[in-house]
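For reference, the structure is listed below as C-alpha cells.
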Amino acid sequence: MWYNIRRKRMGVSGMDYSSLPVFAEAEIVVCGGGTAGAYAAKAAADLGRDVLIVEQTGSLGGSQTNGLVTPVSYTGIPSNPRCSYVSREVGERLREIGGCADSYMNFDPELMEIILEELCAGAGVRFLYHTFIVGAVTEGGRVTAVAVANKRGLGLVRGGAFIDCTGDADVCVRAGAGYTSGYGNSGKNQSVSLRYTVAGVDFDRFGEQIKEEIERSGTDRVAICRGGKLYLAVTKDGKWTFSDIFDRAIAAGDLDEGDKTYWQGFYMPGRPGAVAFNNPEFPCGTDATDPEFASRIQVEGKRHILRQLLFYRKYLRGFGNAYISKIASVVGVRESRNVVTDRVLTAEDIFSRRKFPDMFCQTDYPVDVHGGMPDHPETTCSDGKKWYEIPFGTLVVKGFDNLFVAGRCLGADFMAQSSVRVQQSARSSGEAAGIGAALALTRGCTSHGIDGADVREIMISKGAEYADR
C-alpha cells in the first residue's frame, strides 16, 4: 500500500494508568477543544448528553483562535453549504456582535473564542482547561479513560464514549489505534505556518498603492483592497501584483527568499486597519508533532515576523504606523497523523467526486499540499455534481467500540487529507462525531453500529445545509 500503518502505544506500554485518581468523568469526553472539538461537544450536549471537553490551552477554537486561522475557506460548491448547524449558530452570533462577515467566512478570532465558549456552556458542556492528555486506558476494545496531566498532577478522566479532536490523534495513538503520517514512505509532513495579525494599517493609502501596482505590473493576482476588505497573496511561483516589490526587498536584504514562499493577508471584520497574515511558512521534517521542531518554529517564526513587519513599513504604503497585534500561540500544523478508521477517504474519492450514503459533509475544496511534494492528476466527475462527500466511517476508529475521531486527523490518506483538513470539513466532522457518540450511548450500540445517514438527518433537522443530492 502507499502508506505504512503505524501502531504505537505511546504513553500506554509499560504504564499502569488505571491506579491514578479520577479527576473527572462524563458520558462523552471530547479530547481537544479546537475547531472540531468545540462542535463535537456542542452537538452531543444538544442531544442531552453529559459532555466534558479536555483542552490543553485556556480556550476553545484551536486553529481558529489560538492559531489565528481566518477566514474559513470556501467549499468550492456554488451554494457554499456549511454542512453544520452549529456553524450557522456560530456565524449568526458572531454577526450580531460585528465579529464576522455576512458570508460568515472572515471572522475575528478573539470573538470566535468567546462565542464558542458561550454556545458550549449554554448547552451544558463542562470544561477542563490547561490539561494535557498523556495516555489512554483500554479494556476489551473500549477506551475507559484518558490519563491527563495538569497542575493537580496525573489523573484520569473517565467516560462512556471518547472523541479524539486533538488534531494529532493523540488519544487514538496512545490507545494503540493504527495511523498513517506523511507522504508515502518518506513520512514527510506538510509545511507548517506561524500566523500573526498586524494592526494600524491605513487601508485607503494602501489601496492607492495596490491600484498603482496593478497598473504597473499588468496583473491583479492577487491584491484587493476596497470597502474595508482586503486580500493579498504572493508565492514563489508565478507572477503576482506584489512579486516585484518582494524581489526588490530580497535583493536589498530586507527579506529572505523564504518570505516569498507563501504570503497571504486577509481583512478581519470589526477590526479596521487590521490584517491577518497566513505566513511565514516553514518546511517540515518527518514529524510535525516533534516538540523540538515546534519550539524552533515558534522562535524562528517570530524572527521572520519582525522582518516582515519592517518590510511592510518600508515598502508598503499605509503601513507606516503598523504594529504586530498578535502572534499565534500555537504552530499551524496542516497534517501530522491520520487514524485508520472504518472507511479511509482516498485521493481517488476526492478526484472522482465520490458520493456516500453515510455522508456528513460535502465539499470541493481542492487538494492543497504545502511543502513542494508531488502534485496529483485530475479526474472527471461522473454524476455532474462537482463535489465529493465525506462518509461517517472516516470518524469511527477501527478496532475500538466507543472511540470516534474528528478534525484533520480523521481517516484519510495523504492527498485526501490535504483537502478535508480545512475548517468547514473539520467543523462538520466534529458535529457528526458528537451526534454519533450521543446516538451510540442512547441506543446502547457500538460506534460501528451508527448509520451516518441518521446522523446527517439530525444535523439537517437542526439547520445544517447541504447541496441538492
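Among all the lysines, which ones have a C-alpha under 22 Å from LYS42's C-alpha, if same-chain residues fewer than 8 places away are not counted?
Answer for LYS42, where 22 Å is the Cα cut-off: LYS462, listed by chain and number.
For LYS211, list the aspartates and glutamates whose Cα falls under 16 Å from its own Cα; do not include residues on the same chain fewer than 8 positions away.
Answer for LYS211, where 16 Å is the Cα cut-off: ASP202, ASP220, ASP244, listed by chain and number.
When only alpha-carbon atoms are used, what values of Rg and Dmax, in angstrom, describe segment 378-448?
Every Cα atom of segment 378-448 included, Rg and Dmax give 13.8, 43 Å.
Specify, per residue and in Å³, the volume enclosed by the convex hull of the alpha carbon atoms belonging to segment 56-151.
In segment 56-151, the Cα convex hull volume per residue is 147 Å³.
7 Å from Cα along Cα→Cβ at both SER19 and VAL222: what's the point-to-point distance in nm?
Between SER19 and VAL222, the label points sit 5.7 nm apart.
Give the residues of segment 100-144 whose amide nitrogen is closer than 13 Å to a point set 7 Å from the Cα of GLU465 in the direction of its Cβ.
Residues 102-105 fall inside that zone.
Using amide H atoms built 1.01 Å from N in the peptide plane, name the residues 5+ places from PHE360, or on other chains, whose amide H lies under 5 Å from its own.
Distant-sequence amide H within range of PHE360: ILE390, PHE392.
In Å and from the alpha-carbon atoms only, list the Rg and Dmax of segment 275-348.
Every Cα atom of segment 275-348 included, Rg and Dmax give 17.0, 54 Å.
So how exposed is THR166, as accessible area in Å² (1.4 Å probe, rounded to 10)?
40
Among the lysines, which have Cα under 18 Å from the Cα of LYS386 when same-chain residues fewer than 8 positions away are ignored?
LYS355
Pop a pseudo-label 7 angstrom from the Cα along the beta-carbon direction at both GLU348 and ASP290 and give the gap in nm to one decimal.
Label-label distance for GLU348 and ASP290, simple model: 3.4 nm.
For GLY34, list long-range residues whose amide hydrogen, built 1.01 Å from N in the peptide plane, is under 5 Å from its own amide hydrogen.
Hits under the 5 Å cutoff: GLY61.
Taking loop as defined by DSSP and a crowding limit of 14 other beta carbons within 10 Å, which trypsin sites (Lys or Arg not before Pro) in segment 132-183 fit?
LYS151, ARG152
Taking H placed 1.01 Å from N in the peptide plane, check which residues at least 5 places from ARG354 or on another chain put their amide H under 5 Å from its amide H.
The list, which skips near neighbours in sequence, is GLU389.
Using the C-alpha atoms of segment 98-208, what convex hull volume per residue, in cubic angstrom, is computed?
Cα-based convex hull of segment 98-208, divided per residue, equals 222 Å³.
Under a Cβ-Cβ cut-off of 10 Å, what is the net charge of the residues other than VAL72 that fall near it, where Lys and Arg count +1 and Asp and Glu count -1?
Summing Lys and Arg as +1 and Asp and Glu as -1 gives +2.
What are the DSSP H helices in the chain that stretch 18 Å or more along their long axis, judged by alpha-carbon atoms, and whose average Kyte-Doolittle hydropathy comes to at least -0.5?
The answer, listed by residue number, is 109-122, 423-443.
Hey, what's the per residue convex hull volume over the C-alpha atoms of the chain, in cubic angstrom?
So the per-residue Cα hull volume is 142 Å³.
Of all beta bridges DSSP finds with both residues in the chain, what is the antiparallel percent, to the nearest 5?
70
Under a Cβ-only charge scheme (Lys and Arg +1, Asp and Glu -1), can you give me the dipole magnitude of segment 36-94 about the Cα centre, in debye to the nearest 20?
It comes to approximately 140 debye.
Could you compute the FRET efficiency for ALA149 and ALA453, with r as their C-beta to C-beta distance and R0 at 51 Å, rounded to 0.05?
For ALA149 and ALA453, the calculated efficiency is 0.85.
How many nm is it between the label spots at LYS314 and SER79, if each spot is 7 Å from the Cα in line with the beta carbon?
5.2
Stokes-Einstein diffusion coefficient for segment 317-452 at 37 °C in a medium of 0.692 mPa s, Rh from the Kirkwood formula over Cα pairs: what value in µm²/s?
It diffuses with D of about 201 µm²/s by this estimate.
The values are calculated or read from the model by the stated rules, or taken from the named source; none is laboratory data. This structure is a prediction, so every number in the text was calculated from the model and none was measured. Backbone-built Cβ (ideal geometry, glycine too); neighbour counts: all protein chains shown. Note: areas computed on protein heavy atoms with side chains; ligands, DNA, RNA excluded. Shrake-Rupley method; radii C 1.70, N 1.55, O 1.52, S 1.80 Å.
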